[in-house]
Amino acid sequence: MRRRFRTSNLSPRWGRILIKLKKKPKTYLIAGLIGLVTIGFIGYFIYVISGLPPLTQLEHYEPKLVTKIFSADSVLIKELYTQRREYIPYNQIPEYLKQAVLVTEDKKFWKHWGVDVRRLFKAALVDLIHMAKLEGASTITQQLARELYPSKLSREKTFTRKIREVITAVQIERTYAKSEILEMYLNSYYFGHGTYGIKSAADFYFNKDVKDLTLEECALLAALLKSPGGYSPIRRPQRALKRRNLVLALMFKNGVISRQQFETATNTPIVLGSGGHRETKKNIAPYFTEYIRQQLEDVFGKNLYTGGFTIYTTLDSRVQAAAEKAVQEFLPRLQKQVRKHILSKHLEEKILSTMIPDPKELDNILKDEAKRDSLLDRKAAVQVALVAINPHNGHILAMIGGRDFNESKFNRAVQAKRQPGSAFKPFIYTAVIDNGYSPDFEILNQPVVLFMPDGTRWIPRNYDRSQGGPTTLRDGLRLSLNLVAARLLQEIVKPSVVAEYAHRMGITTNIRPVDALALGTSEVIPLEITSAYGVFPNQGVWAKPMAVTKVINRNGEVLIENSPVRKEVLSEKVAYIMTDMLETVINRGTGVRARTTYGFDRPAGGKTGTTDEYTDAWFIGFTPQIVAGVWVGLDDPSMTLGPNQTGSVAALPIWAHFMKMAHDTLNLPYENFRMPPGVVRLKICKQSKKLASEYCPEVVEEVFDVNLAPKTICPIHTGKTNPSERLRSRKKKRVIF
């Protein structure tokens, strides 16, 4: 029985509608379907449009560019990038390269409006016949659209992606001129082996600027666009040659080159450049570039790797080369010495057991001398930190933060905190001199009791176990006498005062104000203590260490421009007196080997430093032009460099060799330290400490603050003898035969 519509419970309007549907069901069904299709089409259109890059993004093209870091002497020392790309304008791209790309990728580039319709339908027909994706139909503009907006236009082969690609290509054509599109394409596309853009590719493969590329080189680069990996001249040279010759053939066929050019070029083998970025090059100053990378990432974030910044630094590549050469010459000797010490103490099994827990495997390695020594050198690796600074402006000229950046990224020059030992003593003597004492002031070189940071009592001794009577400040510093330094802290200046001087001169680490400060027990950072020493040759002015001078963006706008930060922390007089005393250390003190063994003969001052058990070895010194600090040790402070590996033995050779090479390489003149007004150099009697007379048997030269200088002639040696002296003289002359 046919079911009837029950309209009694419906409104009159709905009743009429139901009656009409009953009379014409097909008409309304078709209308409904059309409506659904229309709604679906609109929805799909909105979906397609929503996946397109916004117009503002199309109008502001900013490719990911390489950030370049340059040394002060204009050497490229590092590149930072996610895509290694450098931009080059259209008018600097060779015509052969443009034509090679066009005949290969898009012959109708100059005629179409972003899409080659005929080529598109032809490709679709071929793919349909073979039921597979065989024919490419994308124009250069479409390829550029995919390259510029990978997040919007993925490389998956779908109908939706193709529609979006076509729409984006048309929009690009409406926004940019043809020459601009080709320029963007050649600067954006991937050419293999991590290179993006034609400029990076030319440098990588041929070590050439783009404008210097030959015909066959242009053809090879154009050949790579189809498949950079498949036609790599490095990995697949034969396939690359065939593809290059195919490009040359297309250029000949389309009248770009003559037959003679074609034949000559096809018979020319692929020759890759040498010395370019393609070859593995040692990274220049890796610890330094990593140091500034960390600083600038805090400012620019991830844009540092894509923004195409140009960063100018203070580092001098010539000074850096001298530093690396000095380290490379002496560090292997120190490593050999450490290994020798380990073997002599039979510590190899204990050390290697932490690396090789299996007793059987450990026993086999201990029997194999080569493997044993190799593992010992790795576990007990001697590390080094070297920093060189211009004391006048704080420019960091060279930086080494370890023996091998690839092995360890830890930058000991700026991150390590190590005890300085006697290298801290100049801060003690500075406080004493600044508080009204002169270098000829004497203090007993006798044992004292020191209180350590943990409250324990300790009686220090001099390195050579010596003791003595009254000793001048100059000799106490010259010979690095621990007993003199300890007595200065107990009798002349408080440890808290010395700590304040150290902080004023640029030390930021915690300096514990205890008596043991005399032996350098509070940790310091190599960069900071080296910078602090720069106060002496810079007439009392501390210059904050600086690594970056300027940062420029891709448009040539200056984003950062740093100027030296200087602060007067000592008077000129105190700085000069301390400089003169530290000169004595090198001329005839613990640093004399810089003169006698390594031939460094320029005016210079410096100080050695050694910690207990020869854990740390230091030498920090300066000339009027450069201040440099060297630390040598092992990362594990419980391990030693070995017996007698003092600062003068382990660190000074690197310092002296470096300073000699650096000054000679830069052709720096021999320059004396400038004596400021208010300081005088006088000849005094060694015994009385007064102005020397012609009768004084021992006369020494000393520098004084003019207000503290002796004013009277020696009262002891006057040329007149008293009765007791005459009597002793007669007794000496009475000789009985």
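Bear in mind these aren't lab numbers, they're just calculated from the coordinates by the rules spelled out. Please read all numbers here as calculations on a predicted model, not as lab measurements. Quick reminder, even Gly has a Cβ in these numbers, built from the backbone with ideal geometry, and neighbours come from all protein chains shown.
Taking Cβ atoms as reference points and 11 Å as the exclusive limit, the residues near residue 414 contribute a net charge of 0, counting Lys and Arg as +1 and Asp and Glu as -1. Values of log10 I(q)/I(0) for the range 512-570 across q = 0.25 Å⁻¹ run -1.02, by the Debye formula with one identical scatterer at each alpha carbon and no solvent. With the crude spin-label approximation of a point 7 Å out along Cα→Cβ, what separation in nm comes out for residue 236 versus residue 76? Going from the residue 236 label point to the residue 76 one covers 2.8 nm. Available extension along the chain between residue 672 and residue 371 is 103.2 nm, counting 0.36 nm per residue and deducting the alpha carbon span. Were the residues from residue 565 through residue 686 laid out at 0.36 nm apart, the gain over their Cα-Cα distance would be 39.3 nm. Here r is the Cβ-Cβ distance between residue 179 and residue 212 and R0 is 22 Å; the resulting FRET efficiency, rounded to 0.05, is 0.55.
With the simple spin-label model, which puts each label point 7 Å out from Cα in the Cβ direction, the residue 254 to residue 595 separation comes to 7.6 nm.
For residue 588 and residue 351, the difference between the fully extended length at 0.36 nm per residue and the C-alpha to C-alpha distance is 81.3 nm.
Residues 571, 563 in ascending order of nearby Cβ atoms (within 10 Å, fewest first): 563, 571. Here the calculated FRET efficiency for residue 712 and residue 449, from their Cβ-Cβ distance with R0 = 35 Å, stands at 0.40, rounded to the nearest 0.05.
Once the C-beta distance of residue 271 and residue 107 is scaled by a Förster radius of 41 Å, the resulting FRET efficiency is 0.90 to the nearest 0.05.
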